[in-house]
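Below are the C-alpha cells for one structure; questions will follow.
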Amino acid sequence: MKNQKKIDWVVHLVANGICGDCGHEERSFLPYACNAHTHGMEKYGHPDFQLVLAYLPEEICRVLNTMGLRVQAGERFQAGDMVRGIYEDCDVRLDEAREDGRSVLRIVVPDKYNRFPEEEGCMDGYRIQLLETDALRHGAGKRAMS
C-alpha cells in the first residue's frame, strides 16, 4: 500500500449562500467573490493560502488542497511566485494578502484569456482578486492591494 499524504489542515469557505449546519444565510459578498482559505500551514513553517473567486466548493478545495499537499511535500512559495500545475492552460500567481489579521498567499487566477486582474481587458469577475479581503463584501469600500 502506498504511503498517502494526510490532509492535516482545514479549508474554510465563506461565501454567499445558506449554511447547511446552522441555517445562517450569507448574502454580503460581491458577485463572483468569496473568502476561501486554509488554516494549518503554519505546522509546515509556511503561510496559509487564500482563494477569493467564487468557484464551486469542490474546485476551491481542489486548488487549496493541491497547494497544501505541495507544501507538505517540501515546496515553499512566496508572494510573486508563478505556480504551474494548478491548471493545464495557465499559471497562477501568489500575492500577499491579509485575511482576518494574518498574512496569507492569495492564489490569483487569470481570466480565460490568461489576463491577470491588473491587466487591461481582464474580465470583470476576475478583477475582484485585487480587492482587500474585507472589501469583498458589499459596502466595505476598501480598495485594492497595489
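The values are calculated or read from the model by the stated rules, or taken from the named source; none is laboratory data. None of the values given here were measured: they were computed from a predicted structure. Virtual Cβ from ideal backbone geometry, glycine too; neighbours counted across all protein chains shown. Just the protein is used for accessible areas: all its heavy atoms, side chains included, with ligands, DNA and RNA removed. Shrake-Rupley method; radii C 1.70, N 1.55, O 1.52, S 1.80 Å.
Using amide H atoms built 1.01 Å from N in the peptide plane, name the residues 5+ places from LEU30, or on other chains, whose amide H lies under 5 Å from its own.
ARG137, HIS138
If you keep only loop residues by DSSP, which chymotrypsin sites (Phe, Trp or Tyr not before Pro) in segment 29-129 have at most 13 other Cβ atoms within 10 Å of their Cβ?
When the chymotrypsin sites (Phe, Trp or Tyr not before Pro) of segment 29-129 are filtered for loop state and at most 13 Cβ neighbours within 10 Å, TYR87, TYR113 remain.
Can you send over the carbon and sulfur percentage of the accessible area for segment 9-146, probe radius 1.4 Å, protein chains only?
Carbon and sulfur atoms account for 50 percent of the accessible area of segment 9-146.
Which net charge results for the neighbourhood of PRO110, defined as the other residues with beta-carbon distances under 9 angstrom from its beta-carbon, given Lys and Arg at +1 and Asp and Glu at -1?
0
Something else about it: At 222 nm, what helix-only mean residue ellipticity would the chain give, in deg cm²/dmol to the nearest 500, using -39500 (n - 2.57) for each DSSP H run of four or more?
Computed ellipticity for the chain at 222 nm equals -4000 deg cm²/dmol.
Summing Lys, Arg as +1 and Asp, Glu as -1, what charge do residues with Cβ under 12 Å from the Cβ of GLN72 carry, GLN72 excluded?
The answer is +3.
Continuing with this model, one more query. List the trypsin sites (Lys or Arg not before Pro) within segment 47-146 that fall in a DSSP loop (any state other than H, G, I, E or B) and whose Cβ has at most 12 other Cβ atoms within 10 Å.
Hits after loop and neighbour filter: ARG76, ARG84, LYS112, LYS142, ARG143.
Ok, one more. So, by mean Cβ neighbours within 10 angstrom, what's the order for 22-28, 33-39 with the highest one leading?
Answer by packing, highest mean first, reads 33-39, 22-28.
Treat the chain as a sphere of radius equal to its Kirkwood radius over Cα pairs and apply Stokes-Einstein at 37 °C in a medium of 0.692 mPa s; give the translational diffusion coefficient in µm²/s, rounded to a whole number.
207 µm²/s
Could you please report the charge total around GLY40, scoring K, R as +1 and D, E as -1 over all other residues with beta-carbon less than 12 angstrom from its beta-carbon?
Neighbourhood net charge equals -1.
Per residue, how much accessible area does the chain show when a 1.4 Å probe rolls over the protein heavy atoms, in square angstrom?
58 Å²
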